[in-house]
Structure formats: structure tokens, C-alpha cells
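Peer 1: Dumping the structure here so I can ask a few things about it.
Quick note: the coordinates plus some simple rules give every number you see, no bench work behind them. Being a predicted model, the structure only gives us computed values, none of them experimental. Virtual Cβ from ideal backbone geometry, glycine too; neighbours counted across all protein chains shown.
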Amino acid sequence: MQNEKTATTAPEGALLKVENLSVSYGHINALKSVSIEVFLGEIVVLIGANGAGKTTLLSSILGITPSQSGTISFDGQRIDKEPVDKIVRKGVCLVPEGRGVFASMTVMDNLLLGAHHNLKNKDKYLKRVFEWFPILEQRKNQVAKTLSGGERQMLAIGRALMSEPKLILVDEPSLGLAPIVVNEIFTILQMLNKEGYTILLSEQNTFKALKVAHRGYVLETGKVTLSGTAQQLLNDPGVKAAYLGA
Amino acid sequence: MQVFIAQIINGLSLGSIYVLLATGFNLLLLVALIIHFSYPVVVVFSMYIVWVVLNATGNNLLLGILAGVLSSIILNVVSAPIFQKVMKKRGEVDINSTMVVSMGMGFIITDILSHSFNHGFPIAFPENLTGSEPLFRIGLISVQVGQVWSLAIGAIAVSAFFVLLYKTRAGRAFRAIAEDPAGARLVGIPIVKTGIQSYALSGVMGGMSAILIAMLLHSASPGLGDMLAHKVLAVSIVAGLGNLVGGLVVGLALGVIEALIQGYAAGSWSNAIAFVVMLVVILWKPKGLFGIKV
């Protein structure tokens with residue numbers, strides 16, 4: 001936490017570089033030539049309404065949704081044709097929308113699934129996750145469906161940390177959570193970032209997201225229409241009108 | 001009372017085979033995401049291979065058992081690419097296409113068995129596999145060594161399977177795919193590779209079933225696979241598709257019901273009566289006694 005890695009320490013190359021990515025579902029073009037970059041140590045937020053393509057972008061980065069054209073590079077290597085499990089091994093992971101944990105499996109099983117490809121280091125990572133989220137250690141033998149919404153979100157984040165990620169993709173973490181829990185989740189994401197994790201976040205709670213992020217991209221109907229630092233976006237009249245209700 | 005005890009033992013040993021087959025069927029359904037209706041037909045094919053190997057080696061039991069288990073693993077794993085190809089989209093149980101592939105496989109195997117082995121007549125397994133002396137006998141009813149063995153091995157195999165499912169890395173991945181294939185893919189579980197592991201594991205269970213059926217029935221015929229396939233499908237549906245614990249209970253129950261009918265009523269009607277019982281259950285609980293888990 002003493003780590004002072006911020007957006008200003010941008011290295012020569014981006015950790016994640018998406019160039020001219022297009023994705024379509026049948027006749028619907030979900031993403032139209034989208035380009036974004038995420039540098040080591042950043043929190044970058046994707047802003048946009050429902051259906052703007054935020055989730056599609058995150059799932060194509062992880063390799064779940066195939067792309068029609070464009071490239072995705074991670075750590076200097078093309079990953080856009082790799083299968084999901086290889087991309088996870090390289091250090092990208094996704095905390096899915098709606099806290100997609102395995103409801104009928106125990107908290108411990110869920111965490112170990114996150115470490116499926118590096119079980120030999122599981123004790124080290126379990127210890128860290130339990131330091132972050134002591135509640136998960138108390139409930140490690142409970143099945144996940146008995147957890148509250150906030151606890152499930154913590155489990156989903158903890159599971160992601162078990163995979164030894166460099167880049168954490170977080171899809172709509174605040175969805176359906178009480179405001180006080182949302183604050184807690186955002187604080188956790190900020191602390192994780194200070195520990196050195198790079199985070200790409202999709203969020204409809206624009207104000208809160210921009211408050212914790214370094215930079216952001218605005219997505220509208222599958223296109224990037226605006227990008228800049230969080231402060232620039234917070235002050236942008238268009239963003240204010242469309243997403244901040246001001 | 002002795003008849004009752006004998007038939008309970010008979011029923012449980014027959015039931016343990018239904019359990020093994022239903023477990024393999026459910027594993028394929030949950031993890032490989034296919035409905036392998038003809039899985040028991042493949043098992044009967046392995047029985048024929050055991051018979052061929054026993055004949056060729058002068059009844060070498062070890063080689064026979066090995067051939068049974070290995071052939072079952074190979075037959076299952078080899079069928080994996082066919083199923084995969086037909087299922088265009090991973091992550092969904094494409095019931096229609098996998099059912100057709102499986103049924104086709106069943107027809108082909110049954111035809112091969114009736115044309116190419118023993119002129120289509122039933123095959124008989126040698127006494128050193130089935131055991132010659134009944135353990136005890138009351139009138140027409142007896143308990144054979146093979147029955148006790150099949151009960152014991154069945155119990156060990158099913159317990160080992162549950163330990164694997166709940167205590168190992170592969171088992172955890174199996175359960176994750178069973179619960180949510182898309183979610184499992186997202187956390188980085190290799191879906192295809194894990195699916196093939198489930199084919200292999202079903203193969204192991206199928207191979208053991210092949211040996212146990214041989215010990216229990218002493219014989220096999222080309223039609224045996226279809227009969228078992230119907231029963232295993234019925235057991236799985238009555239228990240609740242994909243429900244492993246349900247398959248365990250209903251499989252044993254079906255074995256015991258059949259044995260009791262044979263012991264106390266008309267033996268030749270046991271299939272009909274057992275299916276009437278299952279029909280009543282499915283009318284009463286359409287989603288199975290223990291609930292669908294797919």
C-alpha cells in the first residue's frame with residue numbers, strides 16, 4: 001500500500017492495447033473499430049449506457065467473445081486468437097457482472113477455481129485474499145449462495161486475485177449493491193490498484209467510477225466517442241449531461 | 001426372511017451396476033455436455049472385448065479385466081471428437097444432435113455385435129470370472145460370488161468417484177462446468193480438455209461396469225446394451241437428470257425393486273413392473289425425485 005505507482009509512471013508500451021477492434025453478434029455490430037490502451041498501474045474506466053458495448057469489450061479481451069477484426073495485445077503479445085484459459089494464464093482475469101460465482105460450491109472451492117492453473121502457489125494467494133477479505137476466511141466452508149451480495153462481489157474479486165493477475169477486468173461491480181457496499185467495493189479496487197494491480201473497469205455509476213479512475217473512455221453504441229483523464233471527463237459538459245445528471 | 005435377504009443382496013448388486021452406469025452417463029451430461037444415451041451399449045461392447053480376450057488368452061483374468069477397462073476408456077475418448085464436432089457451440093447442451101450421434105453409435109455397435117461375434121448368439125463368460133459356487137442357495141434363489149463382488153467393487157468405485165469429485169483439482173473443475181459452463185470458461189478452466197477427462201473417467205467406470213455385469217449375469221447378448229441404456233436413462237430421469245446422488249439412490253432402488261419382484265412375484269414381469277413404478281414416480285414428480293441439475 002506504500003506503493004506510489006500511478007498513471008504518471010507510464011512505461012514505453014501499454015500493458016493492454018486494443019486496436020480497431022470490431023465485434024458483431026450476427027447483424028448487430030456490438031463494437032465498431034474500438035481502440036483503447038491501459039498502462040501498468042492504472043485504473044481505467046469504461047463509461048457508457050446499457051448496450052454501449054462495455055461488457056462485449058471486456059469479454060473479447062478475455063477471449064470469450066470472438067472478434068471480427070482488429071487486434072488485442074497484452075504485455076506486448078497478441079492475445080486475440082488465444083483461448084480463454086491461455087489468456088488467464090498470461091495474467092488477465094475478469095470479475096463478471098452480477099458477481100458470477102459458483103453458487104452451489106463452497107467459498108474455498110470458488111477461490112481454488114480461480115487458481116486452477118497455479119495451484120502450487122495457492123497457499124500464498126489464499127493468505128493474501130483472506131487478509132483482504134477476512135469475512136471469506138470465516139465463511140470458507142459455506143456455499144456461495146449463502147453469502148450476501150457484497151460478500152459475493154468480494155468472493156468474485158478474491159477469486160480473480162487467486163489467478164495471479166496483472167490486469168483485472170471488472171464488469172459493473174456496483175450493479176445491484178447497496179450504496180454503502182458500492183463505496184466499500186470501490187475502496188477495495190483502489191487499494192488493489194495501489195498494491196500494483198492494473199484495473200480496467202466497466203461502470204454505469206459514472207461519478208464514483210471517475211473518482212477512483214485515472215483515465216476513462218466513453219462508449220456509445222459500440223464506438224469510443226471520448227477519452228481522457230478522469231478529471232477531464234468529470235468536467236466535460238457532454239459527460240456531465242449524459243452520465244452525471246448535471 | 002432368507003429369500004428377502006438374498007434378494008436384497010441381489011438387488012443391491014444389480015443396483016450398483018445401474019449406479020455406476022448412471023453416474024458415468026450423468027458425468028458425460030454434466031461435464032462433456034452430451035446426452036450419451038448409448039453409453040451402456042458401449043459398455044456392452046467392452047464386455048464382448050473382455051470375452052474375446054479371455055477366449056484368446058486361455059481365460060487370463062488380469063488381461064481380460066485390463067482389456068475391458070482400456071477398451072472402454074478408448075471407445076469413450078475416441079467418440080469425444082465426434083460429439084464435439086456435431087455440437088457446434090460449446091457451452092450448451094445440444095441435446096438433439098448429441099442424442100442422434102449417441103443413438104447412431106448404439107445401433108452400429110449393436111449391429112456389429114450381432115454380426116461379428118459368436119454368430120449373434122449370446123456369449124457366456126468363463127467360471128473363473130463369474131465364480132462357480134453360489135455363496136448360498138434357498139430353493140431357486142441363490143447369492144453368487146459375483147454378486148457380492150459387484151456390490152463391493154461398485155461401492156468402492158462410486159465412493160472413489162465422489163472423493164475425486166469433491167477433493168481433487170479435476171473434480172472441482174468438473175463441478176464448476178456442471179454448474180455453469182460459461183462461468184467455468186471465464187475463470188480459465190480449459191473446457192474441451194476437462195470435457196475429455198470426463199470421457200476418460202466415464203470410460204473407467206464403464207469398463208468396471210463391463211466386468212461387473214459379466215460377473216453378475218455370466219453372459220451378454222447384442223440386445224443387452226439397449227436394455228441397459230433404457231434402464232439407465234430411466235434411472236437418470238426418475239432421479240433428476242444430472243443428479244449424481246439421485247442416480248445413486250434410484251439406481252440401487254431399481255435393482256432392489258427388480259430383485260424383490262423376481263423373488264416374490266413373476267420374475268419375467270420384473271422389467272414391466274419396474275417401469276410402471278418409474279412411470280408413476282415421473283407422473284408424480286416430473287423433474288425427478290431429486291431434481292434436475294443441468
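Peer 1: Take every Cα pair under 8 Å in the range B:198-281 that's 6+ residues apart, average their separations, divide by the length, and report that relative contact order as a whole percent.
Peer 2: Taking the mean separation of contacting Cα pairs over the length of the range B:198-281, I get 17 percent.
Peer 1: Please state, rounded to one decimal and in Å, the Kirkwood hydrodynamic radius that the range B:168-248 gives when every pair of distinct Cα atoms enters the mean of 1/r.
Peer 2: Radius from the Kirkwood sum: 14.8 Å.
Peer 1: Shifting gears a bit: Once the Cα gyration tensor of the range A:77-119 is found, what semi-axes does its equivalent ellipsoid get, as square roots of 5 times the eigenvalues, in whole Å, sorted largest first?
Peer 2: 23, 13, 7
Peer 1: Working from the alpha-carbon coordinates of chain B, get Rg over Rh, Rh being the Kirkwood radius.
Peer 2: For chain B, the value is 0.97.
Peer 1: Could you grab the relative contact order for chain B? Cα pairs under 8 Å, six or more apart, rounded to a whole percent.
Peer 2: 36
Peer 1: Once you average over the residues of A:113-119, how many Cβ atoms of partner chains fall within 10 Å of each Cβ?
Peer 2: 5
Peer 1: Could you give the spread of the C-alpha atoms of the range A:103-162 along their three principal axes, from largest to smallest, in whole angstroms?
Peer 2: Largest to smallest, the principal-axis extents are 29, 22, 17 Å.
Peer 1: Given Cα pairs under 8 Å that are at least 6 residues apart, what percent is the relative contact order of the range B:1-107?
Peer 2: Over the range B:1-107, the number comes to 31 percent.
Peer 1: Could you compute how fast the range A:40-88 diffuses translationally, taking Rh as the Kirkwood radius over C-alpha pairs and applying Stokes-Einstein at 20 °C with viscosity 1.002 mPa s? Give it in µm² per second.
Peer 2: Here the translational diffusion coefficient equals 179 µm²/s.
Peer 1: Continuing with the same structure: When you look at the Cβ of every residue in B:179-186, what mean number of other chain Cβ atoms sits within 10 Å?
Peer 2: For this peptide, the per-residue mean of nearby foreign Cβ atoms is 6.
Peer 1: In square nanometres, what is one fourth of the surface area of the convex hull spanned by the alpha carbons of chain A?
Peer 2: Quarter of the Cα hull surface area: 13.1 nm².
Peer 1: Starting from a Cα-only point model with no solvent, please compute log10 I(q)/I(0) by Debye for the range B:124-259 at q = 0.10, 0.16, 0.20 1/Å.
Peer 2: Log-scaled intensity ratios, in q order: -0.43, -0.98, -1.33.
Peer 1: Right, next: What are the radius of gyration and Dmax of the protein assembly as shown, computed over its Cα atoms and given in Å?
Peer 2: Using the Cα atoms of the protein assembly as shown, the pair Rg, Dmax is 28.4, 95 Å.
Peer 1: Can you give the average number of partner chain beta-carbon atoms within 10 Å of each beta-carbon in peptide A:224-231, as a whole number?
Peer 2: Per residue, the number of nearby Cβ atoms from other chains is 0 on average.
Peer 1: Out of residues 5 or more away from residue A:170 or on other chains, whose amide H comes under 5 Å of its own, with H placed 1.01 Å from N in the peptide plane?
Peer 2: Excluding prolines and chain starts, which carry no amide H, the hits are A:95, A:200, A:201, A:202.
Peer 1: While we're here: Cut-off 10 angstrom, C-alpha nodes, Gaussian network model of chain A. Which of A:54, A:166, A:140 fluctuates the most?
Peer 2: Highest fluctuation among the options: A:140.
Peer 1: OK, next. Tell me, what ³J(HN,Hα) does each residue in the range B:102-107 have, in order and in whole Hz, if you take phi through Karplus 6.51 cos²θ - 1.76 cosθ + 1.60 with θ = phi - 60° and put x for Gly and Pro?
Peer 2: My calculation for the range B:102-107 gives 5, 5, x, 4, x, 4 Hz in order.
Peer 1: Roughly how many Å is it from the Cα centre of the range B:148-193 to that of the range A:185-234, as a whole number?
Peer 2: Each part reduced to its Cα centre gives a spacing of 39 Å.
Peer 1: Which number do you get for Rg(Cα) / (2.2 N^0.38 Å) in the range B:30-171?
Peer 2: Computed over Cα atoms of the range B:30-171, the ratio equals 1.27.
Peer 1: Work through the residues other than residue A:70 whose Cβ is under 12 Å from its Cβ and net out their charges, Lys, Arg +1 and Asp, Glu -1.
Peer 2: +2
Peer 1: Which pairs break 29 Å Cα to Cα here: A:54/B:293; A:32/A:166; A:124/B:193; A:81/A:211; A:81/A:127; A:17/A:127?
Peer 2: A:54/B:293; A:81/A:211; A:81/A:127; A:17/A:127, as the Cα separations exceed 29 Å there.
Peer 1: So which residue, out of A:28, A:168, A:157, gets the largest mean-square fluctuation from a GNM of chain A using Cα contacts under 10 Å as springs?
Peer 2: A:28
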